[in-house]
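For reference, the structure is listed below as structure tokens.
Here, each number is a calculation from the coordinates, and none is a lab measurement. Model, not experiment: these values are computed from the prediction. As a convention, Cβ positions derive from the backbone with ideal geometry for all residues, glycine included, and neighbour counts pool all protein chains shown.
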């Protein structure tokens, strides 16, 4: 507990002399070469102070600016504002890009192709802008060090942008650009340019994975041949079906449903077309300061895949299946620009686009930009049990593809251990969503408060499952310093296997793994801050029932008390009839499974092909 008190003390603000602001230095990054420690320090956020470097910055004192979006009213206002800017700007960019490339694609096409990047970019830039504007209003005489313009980079594609926006260097670039726009002339330094290949956070390559893929190469080759010779088919692209279930669906549909196995196209960096990009500054932007900032920055931040490399992306469609009846995908709508172009261009010709839920918070969170996007671009959308009518897409309920083929685990006192599933989040905000509106430092504190509140006997049974991407939070080091005796489980261990081998599962966030556990009938205790994870009105009664049954808790202390109480006999607690009714009711709505799931999906996809063929006649 002494270490925890020390951490809390580190977070306390140090007083800065507001009467002598010229000596205050604003740190916008964790790159310490861009700090001037001879001055009083002001840190723009927790991301500036890496925990692994605590021994260096703890002696500097200074103030950490509190979370800009902790004020719920400000956050809600920002959420609606960036959505409004996105919708207006999407229409303008669609027209401009059609003119630039000599196309006549619909707004839907461009929503599919550039929508994900544009939504991310507006959110990112608005957060960086508002953070700096707020600080400058309070400290007009601060100084800082920016990134030299010769080091600026432009993302190659959407995937590259998401990689960059989690990186300190690129965010320093954005902060520098915003400060220049705001008329601030600060010293600048150079940094090694991003010339090396960039890998998406959390993306890993291993010999074992390559070996497993070799065993599927023949099947992939077989399906690729069929795709070229068949005329009436549906393409499955990252649909989240287990591999064996895809094969079963292929057989049950008489070969009408074919999995797509295609490597993602890696675009090389190329010289910018400054003439084309400057033309984007002439579209009808708004007049607010932020929209003027967008007018200046977006034309040179938009990925090359939409400007210089657009022809490469367009030509790539000829390596995809021609004219499928439908394309079914869960996650390919976001980072794969070549896939998005092929899907969007196919839709222009009449291909049906089918979306699938891929997150356990879908239908629950008060607002999810990803779900809003998917419901706008698809013709039909398959949920895990919930329904919606206020959207473009037709929502249909079917068993969750991610859960197809999984067996119930149930409660067993014969098993040992408590699996504590944690989550991760980039240090820099990348999307305005209600579930992203929390300080990650506070998120850590809730985890540590939970562990501290467990009895010594129970704590010895815990293994903490660390999220696959650290994002620079130095999670392992934090756990080692605070609770060196707690067992840490890394992501390499399959979650299903780990879940099967524990007696009790604990989860502190509203993401997919909690739904996986409940649907498997695994004894589960949940806890999170209801002020952060806001749920839709129609979902509130289901969570009220989980609270009433002692499954969901609003504080880590309450959750720990429940774990202390039920661990010795989880069977009696979990199998109590009233509790089982609540769990089944919840899963039917938000994590639906079925013993005949493969047959249900095969029947649905058969009907889609049949309707498409009849409409063509």
Taking the range 418-590 and dividing mean pair separation by its residue count, relative contact order in percent (alpha carbons under 8 Å, at least six apart): 27 percent
Pairs of Cα atoms farther than 18 Å apart, the range 259-350, %: 56 percent
Shape of the range 463-604, Cα gyration tensor, a/c cut at 1.5: prolate
By how many nm would the segment from residue 397 to residue 372 lengthen if fully extended, with 0.36 nm per residue of separation less the alpha-carbon distance? 7.3 nm
Where does the Debye-calculated log10 I(q)/I(0) of the range 527-617 sit at q = 0.12, 0.14, 0.16, 0.17 Å⁻¹, using only Cα point scatterers of equal weight, no solvent? -0.58, -0.69, -0.80, -0.85
Neighbour-count ranking for 537, 378 (other C-beta within 10 angstrom, fewest to most) reads 537, 378
Please work out whether the chain counts as rounded, prolate or oblate from its C-alpha gyration tensor, where a ≥ b ≥ c are the square roots of the eigenvalues and a/c under 1.5 means rounded, while otherwise a/b larger than b/c means prolate and anything else oblate? oblate
By Cβ neighbour count within 10 Å, fewest first, 262, 70 rank 70, 262
Quick one: Cα centre-to-centre distance for the range 451-529 and the range 330-363, in angstrom? 32 Å
Which whole-number percent is the relative contact order of the chain (Cα, under 8 Å, 6+ apart)? 15 percent
Just subtract the alpha-carbon distance of residue 273 and residue 99 from 0.36 nm times their residue separation and send over the number in nm, one decimal. 61.1 nm
Going by C-beta contacts inside 10 Å, put 76, 341 in order with the fewest on the left. 76, 341
Estimated FRET transfer efficiency (residue 557, residue 137; beta-carbon r; R0 30 Å; 0.05): 0.20
Pull out the extension gain between residue 442 and residue 477, defined as 0.36 nm times the separation in residues minus the alpha carbon to alpha carbon distance; nm, one decimal. 10.9 nm
Modelling each spin label as a point 7 Å along the Cα-to-Cβ direction, I'd like the residue 52/residue 243 distance in nm, to one decimal. 3.3 nm
For every helix of n ≥ 4 consecutive DSSP H residues, a contribution of -39,500 (n - 2.57) applies; sum these over the chain, divide by its total residues, and give [θ] at 222 nm rounded to the nearest 500 deg cm²/dmol. -13500 deg cm²/dmol
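Relative to the compact-globule scaling 2.2 N^0.38 Å, provide the ratio for the alpha-carbon radius of gyration of the range 85-155.
1.52
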What ranking do 113-123, 316-326 get when scored by the average of other Cβ atoms within 10 Å per residue, highest first? 113-123, 316-326
What shape does the range 29-173 take by its C-alpha gyration tensor, where a ≥ b ≥ c are the square roots of the eigenvalues and a/c under 1.5 counts as rounded, a/b above b/c as prolate, and the rest as oblate? prolate
Note on the range 94-178: contact order normalised by length, alpha-carbon pairs under 8 Å, 6 or more apart, percent, works out to 30 percent
For the chain, share of DSSP beta bridges that run antiparallel, in % to the nearest 5: 0 percent
How far apart, in nm, are two points set 7 Å out from the Cα along the Cα-to-Cβ line at residue 315 and at residue 538? 4.7 nm
